[in-house]
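Report on the structure given below.
Where a number appears in this text, it was derived from the coordinates with a stated rule and is not lab data. If you're wondering where the values come from, they're calculated on a predicted model, not measured in any experiment. Heads up, the Cβs are rebuilt from the backbone with ideal geometry, glycines too, and the neighbour counts pull from every protein chain shown.
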Amino acid sequence: MIIVGGVIEKDGKFLLVQEAQEKCHGKWNVPAGHLDANETIIEGAKREIFEETGCKTEITGILEIANRKIVEDTFICIIFSTSIIEENIKYDKSEILDVKWFAYDEIVNMNNELRSYDLITNAIQAYAENKIIPLDVIKIVK
């Protein structure tokens, strides 16, 4: 399972989405989702961010690559840094309950409210500290 998404920052606040799915209903997350077949990780991240927030973004770097073993599967999550090109908050209410800007201090105090506390806070902290891995480490091979 490959998940891609991104951290969106504006004026010192970060955009999170509130999940509507039953398994994580009401939890806040960075905009992210499953990579589709025949899609690069960058294309997938931009698509997921747009689908979940309505925002058009440019992918600017890598903040975090997470790996976890799940029963009979492997979870890989790549969280990118972004720059916002167009902010037009809109979303599918069957998938996302809300989209909201939060200050970093608010996010670190949302222990039980975040879908994956360590993943989200580590990515946002990396962004805040400018610990961004350049995109040129990604090689698209054929």
Dipole axis of the chain (+1 Lys, Arg; -1 Asp, Glu on Cβ), positive-most option in Ala66, Ile138, Ile84
Ile138
Signed unit charges on C-beta, dipole axis of the chain, positive-most listed residue Ala20, Ser116, Tyr104:
Ser116
Assigned charges on the beta-carbon of Lys, Arg, Asp, Glu; segment 58-142 dipole about Cα centre (debye):
320
Within 10 Å of each residue's Cβ, count the other Cβ atoms and sort Lys93, Lys142, Lys10 from fewest upward.
Lys142, Lys93, Lys10
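Counting only C-alpha contacts under 8 Å and six or more residues apart, can you give the relative contact order of the chain as a whole percent? Please list the in-between numbers first.
Details: 291 pairs, mean separation 44.1, N = 142.
That works out to 31 percent.
With a/c under 1.5 counting as rounded, go ahead and sort segment 59-140 into rounded, prolate or oblate using the C-alpha gyration tensor (a ≥ b ≥ c being the square roots of the eigenvalues; past the cut-off, prolate if a/b is larger than b/c, else oblate).
Working: a/c = 1.32, a/b = 1.11, b/c = 1.20.
It is rounded, given that a/c, with a ≥ b ≥ c, falls under 1.5.
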Can you tell me what the convex hull of the Cα atoms of the chain projects to on average, as an area in nm²?
8.8
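Counting Lys and Arg as +1 and Asp and Glu as -1, each charge on the Cβ, what is the dipole of the chain about the Cα centre in debye, to the nearest 20? Provide the component values of the computation, followed by the final result.
Numbers: 16 positive and 25 negative charges, 42 e Å.
Roughly 200 debye for the chain.
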Grab the beta carbon distance between Ile70 and Glu129, set R0 = 25 Å, and tell me the FRET efficiency rounded to 0.05.
0.30
Using the 10 angstrom Cβ neighbour count as an exposure proxy, how do Phe14, Phe80 rank, fewest first?
Phe14, Phe80
Which of the aspartates and glutamates could a cross-linker bridge to Lys90, judged by Cα under 19 Å and excluding same-chain residues fewer than eight apart?
Glu9, Glu19, Glu48, Glu51, Glu52, Glu58, Asp98
Sum -39500 (n - 2.57) across every DSSP H segment of at least 4 residues in the chain, then divide by the residue count to get the 222 nm mean residue ellipticity, nearest 500.
-6000 deg cm²/dmol
